[in-house]
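Encoded as structure tokens, the structure appears first; notes follow it.
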Amino acid sequence: MQKMPLRYYAFFTVPTFAAFFISFFIPFLMGIYLSFTKFTTVTNARWVGVENYVRAFSEDRDFINAAIFTAKFAAISIVTINLLAFLLALLLTRGIRGTNLFRTVFFMPNLIGGIVLGYIWQLIINGVLVNFGVDITYKAEYGFWGLVVLMNWQMVGYMMIIYIAGIQSIPTELFEAAEIDGANELQSLRSITIPLVMPSITICTFLTLTNSFKLFDQNLALTAGAPGKETAMLALDIFNTFYGRNGYEGVGQAKAVVFSIFVAIIVLVQLRMNRTREIES
Amino acid sequence: MTERKRFEDNVIFGFLLILAILYLMPMLIILWNSFKGRFYIADTPFELPNAQTFVGFKNYTNGIEKTGFLTSFGYSLFITVFSVAVIILFTSMTAWCITRVRSRGSTFLYYLLVSSMIVPFQMVMFTMSKMANILHLDNPIGIIFIYLGFGAGLSVFIYSGFIKTIPREVEEAATIDGCSPIQTFFLVVLPILRPITITIAILNTMWIWNDYLLPYLVIGNNYKTIPIAVQYLRGGYGSQDMGAMMALLVLAIIPIIIFYLTSQDSIIKGVAAGAVKG
């Protein structure tokens, strides 16, 4: 069907786009506009130019600190999550007994919501720290590593599934040929498995990256930024700027725009990398 | 199988078994603490309940009462089920239409929807919740409409990718037989979309069921979904009822585990398919 009468076209598209425009697109455009204004509700906006952007960076160091904290967190999480997930995927593609059961267990935490995850780990981490007479809000490092552990528990199973699919798509002949040629397991891992699961590695790296950058619920439930605002990540800092004190709505919106540009750049780099890889192969 | 390989496999099995137990521990710890008195939890979470600390289901009755958990469960269930149904119905229609009707308008609409996936929620949360408030969408029915708007990007993207792989001949035959586009879609296309519909249903269910910030901002004051109820219980530091909290965490996890164990394969497949969401 190359053409469709307009009334049918409207029948198929209007409900979705009505919802899309009202709940996403118009608020999105308004958000960009409001980031250049001073406002408390959306109806009393007054144009102030780039003042909000300047204030976001200069008034206090919250936003920059949150960005640094988020970047550090993302860097560590990417490495640990992907290493663990890849290792598990290797072990679960050898055909040993219980493979399905293990897969079920490792994937399960991924389905639990961020708020619930945060409180589960708060109990456990505080339960350990109480022996030293402190809790997770005592030092920013505790919150940081707590978030890393939590994120690993949640994401490893998910990435493992993607790696398993990648490993299983490698033709078995390759491994058989390597074995006949006298390659040991480490050699075939390095020369066959890793190069051929590169697409999965790219996907997983970017998934962990974007998920770490957008993390909110877990952050809110585990530490809520404590001590002070030291463990607040970007999304939480933006939320606090909006709703924490009056008169900062414009600054919050400006931070949100900067944050969106950050995330968009990450995604565009990923798409570009995928495309160049497709052309190469 | 050689002797050495068998030995290796046993070592790996042992390692995975220990890891799997460690993996389940956090959930088990929450479970046993939910049966302990509220003052025995925070300081000694790793101790099993004993005669002195065991309180039966007291935390559960307490937690359910404090947060109105049953009502929250009702809201979560209502919002999730109907939002997912609405998303499936309307986004499959839209995806089919803009994929099959090749025009500049279709291409534009497609990229408009798909690019919304990139934008983080913080970008629109303030303006969106004001908008919802002005248009009286700040109730459990209105929020379904908002979820349709937010879920459209990913769902249309996945549907569209699938639709491109089905041959047009069936649809053309239906048109020749006198079906209108609406009949063609509902009688011919929608049944073919079944496998991908399951994937989309699962992805959206997991998202909406666990979503915290959107419902908190839009309807949180009057209608508490489960994640909002959990967060609400936190209260200020020190005043938190740890017993009720543990019970609530268990109650929040149980539906997810049941859902997971009943349709595990589709869930794993579906969530992996959602890997495109960045």
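Work out which helices of chain A, taken as complete DSSP H runs, extend at least 15 Å along their axis over the Cα atoms and score a mean Kyte-Doolittle of -0.5 or more, then list them.
Once both thresholds are applied, what remains is A:6-20, A:62-91, A:114-129, A:140-168, A:198-214, A:249-280.
Only Cα pairs within less than 10 Å get springs; with that Gaussian network setup on chain A, which residue of A:Asn131, A:Asn82, A:Asn110 has the largest fluctuation?
Taking springs between Cα atoms under 10 Å, the residue moving most is A:Asn131.
Give me the Å³ per residue figure for the convex hull around the C-alpha atoms of the protein assembly as shown.
181
Which distance in Å, rounded to a whole number, links the C-alpha centroids of segment A:209-244 and segment B:55-71?
That distance is 29 Å.
Could you tell me the relative contact order of segment A:60-280? Use alpha-carbon pairs under 8 Å, at least six residues apart, and round to a whole percent.
30
Per residue of B:41-48, count partner chain C-beta atoms within 10 Å of its C-beta, then hand back the mean as an integer.
3
How about segment A:224-281: which trypsin sites (Lys or Arg not before Pro) there lie in a loop by DSSP and see at most 11 other Cβ atoms within 10 Å?
A:Arg245
Please check: in the Gaussian network model of chain A (C-alpha springs, under 10 Å), which one of A:Thr80, A:Thr104, A:Thr41 has the largest mean-square fluctuation.
A:Thr41
Would any residue of segment B:87-125 have its amide N under 11 Å from a label point 7 Å out along Cα→Cβ of B:Ile182? List them or say none.
The answer is none.
Can you pull the one-decimal nm distance between simple spin-label points at A:Leu268 and B:Thr71, each 7 Å off the Cα toward Cβ?
Taking the two extended label points, one gets 4.7 nm.
Loop-only check: which trypsin sites (Lys or Arg not before Pro) in segment B:1-80 are DSSP coil with at most 16 other Cβ within 10 angstrom?
none
Mind checking which of A:Ala66, A:Ala165, A:Ala140 has the largest fluctuation in a GNM of chain A, springs on alpha carbons under 10 Å?
In this elastic network of chain A, the residue with the biggest mean-square fluctuation among A:Ala66, A:Ala165, A:Ala140 is A:Ala165.
Using the number of other C-beta atoms within 10 angstrom as an exposure proxy, rank B:Glu169, A:Glu59 with the fewest first.
Listed from fewest to most nearby Cβ atoms, that is B:Glu169, A:Glu59.
What shape does chain A have by the C-alpha gyration tensor, where a ≥ b ≥ c are the square roots of the eigenvalues, rounded means a/c under 1.5, and otherwise prolate means a/b greater than b/c and oblate the rest?
Here chain A falls in the oblate category.
Taking chain B as the reference, fit the longest principal axis to its C-alpha atoms, fit the long axis of helix B:3-33 to the helix C-alpha atoms, and give the angle between the two in degrees, 0 to 90, nearest 10.
80
Towards the positive end of the charge dipole of segment B:68-233, with charges on Cβ (+1 Lys, Arg; -1 Asp, Glu), say which of B:Thr205, B:Pro181, B:Val119 has the farthest Cα.
It is B:Val119.
List, in the order given, every pair from A:Lys214/B:Lys130; A:Lys139/B:Lys66; A:Lys229/B:Lys36; A:Lys72/A:Lys139 whose Cα-Cα distance in the structure shown is over 27 Å.
Over 27 Å apart, Cα to Cα: A:Lys139/B:Lys66; A:Lys229/B:Lys36.
For a test of the definition: using alpha carbon positions, the gyration tensor, and the 1.5 limit on a/c, classify segment B:3-61 as rounded, prolate or oblate.
It is prolate, given that a/c is not under 1.5 and a/b is the larger ratio.
Once you sort the root eigenvalues of the Cα gyration tensor of chain B as a ≥ b ≥ c, which label holds: rounded (a/c under 1.5), prolate (a/b larger than b/c) or oblate (the other case)?
Oblate shape, in that a/c is at least 1.5 and b/c is the bigger or equal ratio.
Tell me the relative contact order for chain B as a rounded percent, counting alpha carbon contacts under 8 Å between residues six or more apart.
Relative contact order comes out at 30 percent.
Using the Cα centre of segment B:3-61 as the reference point, and only Cβ charges (+1 on K/R, -1 on D/E), how large is the resulting charge dipole? Debye, rounded to the nearest 20.
Its charge dipole is roughly 160 debye.
Could you state the number of Å between the C-alpha centres of segment A:113-151 and segment B:112-145?
Here the two parts' Cα centres lie 32 Å apart.
Which one, B:Met245, A:Ala256, A:Asn52, is farthest towards the positive end of the dipole of the protein assembly as shown when Lys and Arg carry +1 and Asp and Glu -1 on their Cβ?
Result: A:Asn52.
Which one of A:Leu111, A:Ser23, A:Ile192 is farthest out on the positive end of the charge dipole of chain A, using unit charges on Cβ (Lys, Arg +1; Asp, Glu -1) and the Cα centre as origin?
A:Ser23
With +1 assigned to the C-beta of every Lys and Arg and -1 to the C-beta of every Asp and Glu, and no other charges, what is the dipole magnitude of chain A about the Cα centre in debye, to the nearest 20?
740
Can you tell me the 0 to 90 degree angle between the C-alpha axis of helix B:242-262 and the longest principal axis of chain B, rounded to 10?
Helix B:242-262 sits roughly 40 degrees off the main axis of chain B.
For helix B:264-273, what angle does its Cα long axis make with the longest principal axis of chain B, in degrees from 0 to 90 and rounded to 10?
Once rounded, one gets 60 degrees.
List B:Cys97, A:Cys204 from most exposed to least, where exposure is judged by having the fewest other Cβ atoms within 10 Å.
The order, fewest Cβ neighbours first, is B:Cys97, A:Cys204.
Please arrange B:Met27, A:Met160 by counting, for each residue, the other beta carbons lying within 10 Å of its beta carbon, fewest first.
Lowest count first: B:Met27, A:Met160.
To the nearest 0.05, how large is the calculated FRET efficiency for B:Ser266 and A:Val50 if R₀ is 51 Å and r is the Cβ-Cβ distance?
According to the calculation, E is roughly 0.55.
Computed from the coordinates by the stated procedures, all read-outs in this text should not be read as laboratory data. In this text the structure is predicted, and so the values were computed from the model without any measurement. Neighbour counts are summed over all protein chains in view; Cβ atoms, including those assigned to glycine, are modelled from backbone coordinates with ideal geometry.
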